[in-house]
Each structure stands twice: as C-alpha cells, then as structure tokens.
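The values are calculated or read from the model by the stated rules, or taken from the named source; none is laboratory data. Every value quoted in this text rests on a predicted model; they were computed, and no experiment measured them. Neighbour counts are summed over all protein chains in view; Cβ atoms, including those assigned to glycine, are modelled from backbone coordinates with ideal geometry.
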Amino acid sequence: MHFPAPEILDYCEQHSTPLNEILQQLERETHLKTLAPQMLTGPVQGAFLRLLSKLLQPKLIVEIGTFTGYSALCLAEGLQPEGQLHTIEIDEELLRFGEKYFPLAGMQNRIKQHLGDARELLPLLPDGFDLVFIDADKPSYPIYYEICLKKMKPGAVLLADNVLWSGKVLEEEERLKDEDASALHAFNQMVQKDERVENFLLPLRDGLMMVKKL
C-alpha cells in the first residue's frame, strides 16, 4: 500500500495527541503475531478516529472488521457514558486480541464482539447507529453500506476505509487486474451519486470515505 512518506506520518503523529500505552502494546503484538500487520489502523488514523468519535459523542457505534481491535478501542473513547460499540469479525482467531486488550483498556463492558458474517449479523443489531466504521472485505462494501444506512440515524456518520486502494482505483487498467480496486471504485461512485448522503473522500493513509446521512 502506498501511504504518505513515513517521515510525514511520523511528523503527523508527533503533532497529534498521543494514544495510550494499551494501543501501543496492541500495535506491537499485531506486528509480531499477524500475517498482515499493515491492516492495522495505526496511530495517525487511530488518533483521527478517536477525535472524530469524541466530537460526535455517539451512543451506538458499529464496526465491520475488528482485526485486532485497535480501531474499536480508538472509536470507543468517544462513546457516551451508557454507549456501546458492536464490532463484527469473521476470523475467530483475531477476536482473541480483543478478548485480551478490551479489558486492559477498561472497555470489556462497552465493546461487544460478534463472530460471523456481517451481512447476517448487521440486521440483528439495534437500530439507531450513530457512527459506523467499515474495514472488511471490499466487494461487500455496498452491501454493508446499504444495511447500515437504513439503520443509521439522520445526521449519523459512516466511514469506509481503504477506498483509494494504493491508488489503483484511479486507473482502469489497474481496476481490471484487481477485483478489490474495481469494487472500491464502484463503491466510491455509488456513494458519490447517493442523494441520501453528503460525502467526502479523505486522502488519509489509504483513503477514508466519510458519509453523513441526511
């Protein structure tokens, strides 16, 4: 993935409110024990998610794609006192990270983990989503988007990660060779034409589509 130059990310991190030690430990363990540690949200995007959540003060957050739980912990910091974050992951092994780190962060009662296919689990969650973060299998983004949009409150925010896909969404030749690039380009176009929302594609790391339900 072609992210901004490391020195730019380092500078951004140095000039952002630091994340806690628990997240730093989780980042280290993710790099040691997973095959694709680059999937981790990381400190720069994590700081953005945390601040956005604190600004929105959501009561109900839904995350599709837990990975090792880093983004869930960042997002959960903005929850209202009685709020809850539901995070869905299809890989049972990855849930073990959350089982360890959510209690360490004091979030074991605020973050609820779900194992399985998000397409089946999302309809079972309560209505009234305030904030949604999608970071899972890319061809399914339109399905997740439609299910979530129906369950979101007016004014709620949805974030979809990796929508630039290393810049491959820009070139038709690249999209023909890469199923995920093609799927993400189609998703970006779908969102752009959706009159139910206001959207902005933020070039943060690998691209973050921000959507506000009207």
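Quick rundown of the values:
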{"read-out": "Among the candidates A5, A36, residue that is under 19 Å from the mean Cα position of the chain (by Cα), hydrophobic (A, V, I, L, M, F, W, C) and farther than 16 Å from L208 by Cβ", "value": "A36"}
{"read-out": "The lone exception for E77 - which of (1) free of Cβ contacts under 8 Å to residues at least 60 places away in the same chain; (2) within 15 Å of the chain's Cα centre (by Cα); (3) under 17 Å from D135 (Cα atoms) it fails", "value": "(3)"}
{"read-out": "Residue identified as touching a Leu at 6+ places or on another chain (Cβ under 9 Å), farther than 28 Å from Q57 by Cα and of a type in the set (A, V, I, L, M) among V191, V169, V197, V163", "value": "V169"}
{"read-out": "Residue in the stretch 124-140 that is touching a Leu at 6+ places or on another chain (Cβ under 8 Å), without any contact (Cβ under 8 Å) to a residue 40 or more places away in the chain and of a type in the set (A, V, I, L, M) present", "value": "no"}
{"read-out": "Matching option when the condition is at pLDDT 95 or above and loosely packed, with under 15 Cβ neighbours inside 10 Å, among P6, P18, P81, P58", "value": "P81"}
{"read-out": "Only listed residue being in contact with a His (Cβ under 6 Å, 6 or more places away or on another chain) and either closer than 26 Å to K213 by Cβ or crowded, with 18+ Cβ neighbours inside 10 Å (or both), chosen from I64, I88", "value": "I88"}
{"read-out": "Of all residues making up the stretch 116-130, the number that are touching a helix residue (DSSP H, G or I) at 6+ places or on another chain (Cβ under 6 Å) and outside any helix (DSSP H, G or I)", "value": "2"}
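Residue-by-condition table, conditions (1) surrounded by fewer than 18 Cβ atoms within 10 Å (Cβ to Cβ); (2) within 18 Å of the chain's Cα centre (by Cα); (3) acidic (D, E):
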{"residue": "R110", "(1), (2), (3)": "no, yes, no"}
{"residue": "D127", "(1), (2), (3)": "yes, no, yes"}
{"residue": "D130", "(1), (2), (3)": "no, yes, yes"}
{"residue": "V169", "(1), (2), (3)": "no, no, no"}
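A quick yes/no check of all residues on (1) among the β-branched types (V, I, T); (2) free of Cβ contacts under 8 Å to residues at least 60 places away in the same chain; (3) buried (at least 16 other Cβ atoms within 10 Å of the Cβ); (4) on the phi > 0 side of the Ramachandran plot:
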site	(1), (2), (3), (4)
M152	no, no, yes, no
E173	no, yes, no, no
K177	no, yes, no, no
F187	no, yes, yes, no
